[in-house]
Amino acid sequence: MFIYSLPLFFAYTSFGSPFELLAILLVLFAALFISAPYPDEIFEERPIGDSLYLYYYFLHAWAGQLNLSRVFWPFFIVLNIGIFITDYQAKAAEISVSSWDDLHFMFFLPSIFWTIAVWRSSANTSKKIWAAYARLITLTVFLEYGLKVFIRSVYPNVFFECQERMMDYMSCF
């Protein structure tokens with residue numbers, strides 16, 4: 001996350017500095033830490049059967065019946081790899097601008113599920129700080145998507161290197 005979007009945001013706008021963004025994130029983290037649930041001392045993760053494993057994994061994740069790390073890390077890794085590959089291909093002019101939009105929309109919908117699952121599983125961790133950290137990261141995903149929409153609408157010529165595109169040149173405007 002933020003590999004391509006934050007450098008463009010800070011280089012081409014004057015909305016804020018990296019220090020201001022860090023201060024906002026620290027205040028948000030403090031608020032999330034205060035509001036995070038205390039760890040459940042007697043939590044026992046429900047076993048997932050061998051048949052239909054993926055179905056029950058998503059069901060238990062949605063219901064908040066899995067350990068926070070089992071809900072947070074798989075989605076975090078897959079989402080970041082997907083966003084990085086999508087942005088890399090767009091920067092290299094391997095996919096069109098509209099395909100970039102479609103791929104980010106496809107990653108956005110599971111992000112909503114992931115956010116709800118992480119918030120529901122926040123008590124299923126060993127320390128309160130991990131719950132606050134996981135909640136902060138899920139919120140920063142939506143900040144990333146906001147930056148992507150901002151870049152797509154205001155600075156498409158910079159991000160997509162439109163001078164190298166012939167077929168999809170009008171999508172840059």
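The values are calculated or read from the model by the stated rules, or taken from the named source; none is laboratory data. Because the structure is predicted, anything quoted here is derived from the model rather than measured. Note that we place each Cβ from the backbone using ideal geometry, even for glycine, and neighbour counts take in every protein chain shown.
Quick look at the values:
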{"read-out": "Close pairs from region 90-115: first at pLDDT 90 or above, partner among the aliphatic types (A, V, I, L, M), Cβ under 7 Å, at least 6 apart", "value": "PHE107/LEU79; PHE107/ILE83; SER111/LEU79; SER111/VAL141"}
{"read-out": "Residue in region 8-27 that is under 16 Å from THR125 (Cβ atoms) and either among the acidic types (Asp, Glu) or surrounded by 15 or more Cβ atoms within 10 Å (Cβ to Cβ) (or both) present", "value": "no"}
{"read-out": "Condition met for PHE84 (closer than 20 Å to TYR145 by Cα and of a type in the set (A, V, I, L, M, F, W, C))", "value": "yes"}
{"read-out": "Qualifying positions in region 107-139 - buried (at least 18 other Cβ atoms within 10 Å of the Cβ) and in contact with a Pro (Cβ under 6 Å, 6 or more places away or on another chain)", "value": "SER122, THR125"}
{"read-out": "Pick from region 1-52, criterion aromatic (Phe, Trp, Tyr) and at pLDDT 85 or above, ranking: nearest to ILE77 (Cα to Cα)", "value": "PHE29"}
{"read-out": "Residue selected from region 59-84 under the condition exposed (fewer than 14 other Cβ atoms within 10 Å of the Cβ) and without any contact (Cβ under 8 Å) to a residue 24 or more places away in the chain, by the criterion nearest to SER5 (Cα to Cα)", "value": "ILE81"}
{"read-out": "Residue match in region 42-52 (condition: in a loop (DSSP other than H, G, I, E, B) and among the aromatic types (Phe, Trp, Tyr))", "value": "yes"}
